[in-house]
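The next block holds one structure in the form of structure tokens; read it before the comments.
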Amino acid sequence: MRFTGVRTAHAVIAPLVAVPLALGAFAPHVYAQAPTPSPTGTFGPDCSELPRSGGGSVAAMAEQKVADAAAGSRQLAQLTAALKQAGLDDTLNRSDNITLFAPTNHAFNSLSEAQRDSLLNDPERLKKVLTYHVVDADVTPSELPNGSFKTLEGSQLTTSGSGTTFKVNSTADIVCGNITTANATVYLIDGLLTPPD
């Protein structure tokens, strides 16, 4: 009798277990996840290094043309010097609705001294490299996850990533993004981009 009761219990429980398992076969195996929302305002680990007020702050940069805004930022001192040397500072200030992927001092310092001197002493190459960092359109954070943009130099650059972590050309990280100036959007990057030959 004891064994019969056990068999009866198994006979009742087995179908109850089998039904959810059978239904599970029809359940989708991949669950769609909501896309990560695009960041609003400035974002990135180096944004905390921007001054809270005065020159180089987000508020001050918003009132200035892009080359002037870069000149007020300690993080962009070497870019500012390079733009002046290439004669591009006025060009950028006169442009409207552009995007500057701005290499920081760290980006320039990642070059060897010989590489940096070679670049800065070759006006034609310097202009080509710097204009490759400029897009003649307003690139918004929502376009960064899988973006491809034509630069003033004439070639394409790409962006990838999600959340608040993005790369440009898979080589440079956006360390502070979506900084608004009077005529441009600026994304600070930690590497110098090289246009294709």
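For VAL58, VAL135, which order do you get if you count the other beta carbons within 10 Å of each Cβ and list the fewest first?
VAL58, VAL135
Once you have the Cα-Cα distance between THR194 and SER48, take 0.36 nm times their residue separation minus that, and quote the gain in nm to one decimal.
Gain on stretching THR194 to SER48: 49.8 nm.
Calculate, in nm to one decimal, what GLU63 and ASN97 gain on full extension: separation in residues at 0.36 nm each, minus their alpha carbon distance.
Computed gain between GLU63 and ASN97 is 10.8 nm.
So if R0 is 30 Å, what FRET efficiency would SER170 and THR140 give, r being the distance between their Cβ atoms, rounded to the nearest 0.05?
Once the sixth-power term is evaluated, E becomes 0.90.
For segment 154-164, take each phi angle, set θ = phi - 60°, evaluate the Karplus expression 6.51 cos²θ - 1.76 cosθ + 1.60, and give the result in whole Hz per residue in order, putting x for glycine and proline.
x, 9, 8, 10, 10, 10, 8, x, 7, x, 10
Quick one: THR99, THR180, fewest Cβ neighbours within 10 Å first, how do they rank?
Sorted ascending by nearby Cβ count, the order is THR180, THR99.
Taking a label point 7 Å from the Cα of ARG74 along the Cα→Cβ vector, which residues of segment 99-137 have an amide N closer than 13 Å to it?
What the label zone holds, given the 13 Å backbone N cut-off, is 105.
Note the full-extension length gain between ALA114 and LYS84 as 0.36 nm times their separation in residues minus their Cα-Cα distance, in nm to one decimal.
Taking ALA114 through LYS84 to full extension adds about 8.8 nm, to one decimal.
Here, each number is a calculation from the coordinates, and none is a lab measurement. Just so you know, these numbers come straight off a predicted model, no measurement behind them. Methodologically, a virtual Cβ is constructed for each residue, glycine included, from the backbone with ideal geometry; neighbour enumeration extends over all protein chains shown.
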